[in-house]
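Values in this text are rule-based calculations from the coordinates and carry no lab data. None of the values given here were measured: they were computed from a predicted structure. Here the Cβ positions follow ideal geometry from the backbone for every residue, glycine too, while neighbour counts run over all protein chains shown.
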């Protein structure tokens, strides 16, 4: 059921699919609340690495509703609306939400695994500099729905591989959805492997795509990819 219900016709919100609409509302409400008490909310709801004194199990879910600055949440929610609504119209709200959270949780799982390996490697090095970097990682939170958003983008490309998209910064050069996803995945992989330092969780993005692909392969084998049956 929509947060706004079905009354009061004429609202532009009613043209949005219900799951996407409610996800956008919840994300913005939590983002606004985090402006008033950032330290407490980030400590409790952002995702900290395994082994961090700040890690809590629920952060695997709650970090998906936390964001940094306005542009972080704006672009995530804009992308969710652009590519999530076509998926929800085909799959229905329940199946879309299952896909959204599977990709988001999968993104968190891969991200945590990569951070765990990084911390173990740094601690094994035994140098003061490596130890300092390891402790810095353990105290750095991750926020955002980007892992699930990348999963949604992959889902759209698998449903509509030949759909032509125009990027904001390249509006005159349409690109098919399947090629866009491949390009994004390659950029995330290369950046994640070779960037010396980055505030972007590249492997979380790849995790969202990976788990989205695995779920879609499962649905295809059961011949449930093009309907709203879970």
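If I take R0 = 41 Å and measure r between the Cβ atoms of residue 29 and residue 116 in this structure, what FRET efficiency does the formula 1/(1 + (r/R0)^6) give, to the nearest 0.05? Intermediate results must be reported in sequence, preceding the final value.
On the way: r = 32 Å, r/R0 = 0.78.
The calculated FRET efficiency here is 0.80.
Between the helical axis of 146-159 and the dominant principal axis of the chain, each derived from Cα atoms, what acute angle in degrees is found, rounded to the nearest 10? Taking the Cα atoms of the chain, the angle to 146-159 is about 40 degrees. Here is the size of region 44-112 from its Cα atoms: Rg then Dmax, 13.7, 42 Å. A Gaussian network model of the chain, with springs between Cα atoms under 10 Å, assigns the largest mean-square fluctuation among 204, 134, 195 to 195. Summarising the overall dimensions of the chain from its C-alpha atoms, the Rg and Dmax are 18.6, 64 angstrom. For the chain, modelled as a GNM whose springs connect Cα atoms under 10 angstrom apart, the maximal fluctuation among 89, 35, 166 occurs at 166. Considering only the Cα atoms of region 127-230, their convex hull presents on average a projected area of 9.0 nm².
Taking every C-alpha pair closer than 8 Å and separated by at least 6 residues, the mean separation divided by the residue count of region 12-221 gives a relative contact order of 25 percent. Can you give me the angle between helix 177-194 and the longest principal axis of the chain, using Cα atoms only, in degrees from 0 to 90, rounded to the nearest 10? Taking the Cα atoms of the chain, the angle to 177-194 is about 10 degrees. Between the helical axis of 70-91 and the longest alpha-carbon principal axis of the chain there is an angle of about 50 degrees. Here each label is just a point 7 Å from Cα along the line to Cβ, and for residue 140 and residue 162 those points are 4.3 nm apart.
When the chain is treated as a GNM with alpha-carbon contacts under 10 Å, the residue of 101, 36, 156 showing the greatest mean-square fluctuation is 36.
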